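J.: Supplied in structure tokens, the structure appears directly below.
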Amino acid sequence: MTAPESYDVIIVGSGAGGAAAAFRLARDGLRVALLEKGQPLPQDGSTLDFNQVVHEGVFKSREPWLDRNGRRFAPEEHFNLGGKTKWYGAALLRYGRHEFEADAAHQCPGWPISYEELEPYYEQAEKLLDVRQFDSEADLERIERRLARCAPPWETNALPMGLAASIVANPLEARHFDGFASVARLKADAETAFLAPLRELANLTVQTGAAVRELIGAATDATTIRGVVLEDGRELHARAIVLAAGALHSPRLLQRYLDAHRLNTVVPCANAVGRNLKYHLLTAVVGISTTSMTDLIRKTRLLTNPKLPHSSVQPLGFDGELISTLMPDFLPRPLARLLGNRAYGFFLQTEDGAHAENRVIAGSDATQGLPVIDYDVARIPAAAAEHRRLVRSFKLDLLRAGLLAFSERVGLAGTAHVSGTLSAGSDPTRSVVDSRGQVHGMKSLYVVDGSILPRSSRVNPSLTIFAWSLRAAERLAADLRTSPS
Ligand SMILES: Cc1cc2nc3c(=O)[nH]c(=O)nc-3n(C[C@H](O)[C@H](O)[C@H](O)COP(=O)(O)OP(=O)(O)OC[C@H]3O[C@@H](n4cnc5c(N)ncnc54)[C@H](O)[C@@H]3O)c2cc1C
């Protein structure tokens, strides 16, 4: 039998959290194995083809789950090198300072660290991702002006984007980045910004097609994690294990380990694992104007409204052609194309509070091995009420601004922004990781993906995941350098 491969750090998953941690740890000279269940995406243009990407869902996971009523469904997850960031819309926003505090009325716990503690890592992440703002384009500017006239509470600000300035010279990519994967490397995703620059580093091993099945504990102390077992049976060992498999997957690896080793009454955070799942309450709105829309990037401005403090609106980066294909089938195609040509898409999001019963549960005999997402908006009534007000008022205000608006709520399969299932906090019975990302009551086990987010905030999550991961990895690197191997 060959001896297990041995590293300083094993990172499970190569999305926002995993790639940023790999970057920091490998640049610090540590021997790192980055294990990714998926493969690198093809470079043949198929990731920009809206039939394959949107209509056939070729690049989405088909992994079956159950909802809280026992119905089967497939969450829209992406298993590939770079994780969901390869597909993301690259809106890279910081949380507001106040979103690090608790907000009891909205069922939001506070963070174990302040905004000021994360700020230097936001700065690092923005630099590494080359975040920039684009000028507002003509059609959106017109909509903004009309909204300002007819619905003054809406405030607009430039949207920080992880797109290369040169994308405007590449119309195919400029029209297909939100929900598509760049071929020309014009989007700052986790692979492009964090892994590609390390290609020459001998101390970083990136293994794709390497799905982690379970964690391995130390022989003498099950609360110390020493390695992982892959689906193909291979074992890898390391001084520290970093979970970055995403908020639906990291908690299940930990749950299965705690169950298998009967640690549920030993590890104080065991009962919090998988709980406080957050999704964001999300609705897509399409506004149809009387004139055609020719904006290229579209996703250039963020809209907020002081009367809706947990919500924000951003344009969708979808062009008219794509919007036309998403219109109901009963519409004749020429009409759908005409409407698509005059359409502007918007993405409305409201922060969902944390509720212990909203949770991810690992598969068991009772569910024929299928994992469960138990999420019910009725448990977070303040968020549900604000989201209803957001959708109603935004559609009405668009109408006042001359656009007839239609909306569609994103359902349970829309897992783009899932977070919170291994939440960071100071109380080891209500949260799972401490302010450094280490699992309460366990040794050598860290979490750096969206699972750690105590709050989902009014904006998109990735920049905060990147920043948290850079911070956690910096601290872990310092610990490993000073402790004996
Ligand atoms: C269409 C779309 C648009 C989005 N737009 C934005 C946006 O504009 N701005 C923004 O901030 N966010 C956006 N997001 C959300 C953002 O992409 C995610 O919040 C972020 O990628 C989450 O990072 P993560 O590290 O938690 O997980 P992921 O990025 O999902 O990475 C997890 C990785 O772990 C791997 N993995 C899972 N299980 C295992 C296992 N057992 N073994 C090994 N590997 C495993 C997965 O294959 C995956 O690569 C968008 C997402 C989507 C899908």
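J.: Report whether or not residue 254 is out of contact with any Lys or Arg (no Cβ under 9 Å at 6 or more places or on another chain) and buried (at least 16 other Cβ atoms within 10 Å of the Cβ).
T.: yes
J.: Right, another one. Sort through 478, 473 and tell me the only one that's surrounded by fewer than 24 Cβ atoms within 10 Å (Cβ to Cβ) and either assigned to a loop (DSSP other than H, G, I, E, B) or at pLDDT 95 or above (or both).
T.: Among 478, 473, only 478 is surrounded by fewer than 24 Cβ atoms within 10 Å (Cβ to Cβ) and either assigned to a loop (DSSP other than H, G, I, E, B) or at pLDDT 95 or above (or both).
J.: Quick check: is even one residue across region 94-103 touching a residue at least 24 places away in the same chain (Cβ under 8 Å) and either touching an Asp or Glu at 6+ places or on another chain (Cβ under 7 Å) or within 10 Å of the ligand (Cβ to nearest atom) (or both)?
T.: No, there is no match, as no residue in region 94-103 is touching a residue at least 24 places away in the same chain (Cβ under 8 Å) and either touching an Asp or Glu at 6+ places or on another chain (Cβ under 7 Å) or within 10 Å of the ligand (Cβ to nearest atom) (or both).
J.: Now for a different question. Could you say which residue among 58, 12, 32, 54 is among the β-branched types (Val, Ile, Thr) and without any contact (Cβ under 8 Å) to a residue 60 or more places away in the chain?
T.: 58
J.: Here's a follow-up. Here are some residues: 410, 418, 433. Which one is crowded, with 19+ Cβ neighbours inside 10 Å, within 30 Å of residue 147 (Cβ to Cβ) and within 16 Å of the ligand (Cβ to nearest atom)?
T.: 410
J.: Does residue 383 fit the bill of being at pLDDT 95 or above, over 30 Å from residue 149 (Cα atoms), of a type in the set (A, V, I, L, M) and buried (at least 23 other Cβ atoms within 10 Å of the Cβ)?
T.: The answer is no for residue 383.
J.: Here is a list: 331, 412, 335, 370. Which entry is more than 20 Å from residue 143 (Cβ to Cβ), touching a Pro at 6+ places or on another chain (Cβ under 7 Å) and not β-branched (Val, Ile, Thr)? Please lay out each step first, then the result.
T.: On the way: 331 fails: touching a Pro at 6+ places or on another chain (Cβ under 7 Å); 412 fails: touching a Pro at 6+ places or on another chain (Cβ under 7 Å); 335 fails: touching a Pro at 6+ places or on another chain (Cβ under 7 Å).
Criteria check complete, one pass: 370.
J.: Would you check which residues across region 440-452 are near the ligand (Cβ under 9 Å from one of its atoms) and either assigned to a loop (DSSP other than H, G, I, E, B) or modelled with pLDDT under 95 (or both) and list them?
T.: 448, 449
Residues are listed down the side, and each one gets a yes or a no for (1) more than 20 Å from residue 203 (Cβ to Cβ); (2) assigned to a helix (DSSP H, G or I); (3) not polar (S, T, N, Q):
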site	(1), (2), (3)
9	no, no, yes
21	no, yes, yes
35	no, no, yes
44	yes, no, yes
47	yes, yes, no
57	yes, no, yes
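J.: Sticking with this structure for a sec: For the structure I just gave you, tell me whether residue 124 is within 15 Å of the ligand (Cβ to nearest atom), polar (S, T, N, Q) and either under 20 Å from the mean Cα position of the chain (by Cα) or more than 16 Å from residue 454 (Cα to Cα) (or both). Steps first, please.
T.: Details: within 15 Å of the ligand (Cβ to nearest atom): no; polar (S, T, N, Q): yes; either under 20 Å from the mean Cα position of the chain (by Cα) or more than 16 Å from residue 454 (Cα to Cα) (or both): yes.
So residue 124 does not fit the description; no.
J.: Having 3 or more residues that are closer than 30 Å to residue 27 by Cα is the bar; report the helices (runs of 4 or more DSSP H) wholly within region 114-201 that clear it.
T.: On the way: elements: 115-128, 138-150, 171-175.
It comes to 115-128.
J.: I would also like to ask the following. Pairs under 9 Å by beta carbon, first residue free of Cβ contacts under 8 Å to residues at least 24 places away in the same chain in region 303-318, partner not in a strand (DSSP E or B) and not small (Gly, Ala, Ser), six or more apart or different chains?
T.: Nothing qualifies.
J.: Every residue in region 202-241 that is touching a His at 6+ places or on another chain (Cβ under 7 Å) and either within 14 Å of the ligand (Cβ to nearest atom) or assigned to a loop (DSSP other than H, G, I, E, B) (or both), please. Break it down into steps so the answer makes sense when it comes.
T.: Here is the first cut: in region 202-241, the residues touching a His at 6+ places or on another chain (Cβ under 7 Å) are 217, 222, 226-227.
Of everything in region 202-241, those that are touching a His at 6+ places or on another chain (Cβ under 7 Å) and either within 14 Å of the ligand (Cβ to nearest atom) or assigned to a loop (DSSP other than H, G, I, E, B) (or both) turn out to be 222, 227.
J.: Same structure, new question: Just to check your reading of the model, which residue among 64, 75 is over 26 Å from residue 196 (Cα atoms), modelled with pLDDT of 95 or more and within 16 Å of the chain's Cα centre (by Cα)?
T.: Residue meeting the stated conditions: 75.
The values are calculated or read from the model by the stated rules, or taken from the named source; none is laboratory data. Quick caveat: nothing in here was measured; it's all calculated off a predicted structure. Ideal geometry is used to build each Cβ from the backbone, glycine not excepted, and the neighbour counts take in all protein chains shown.
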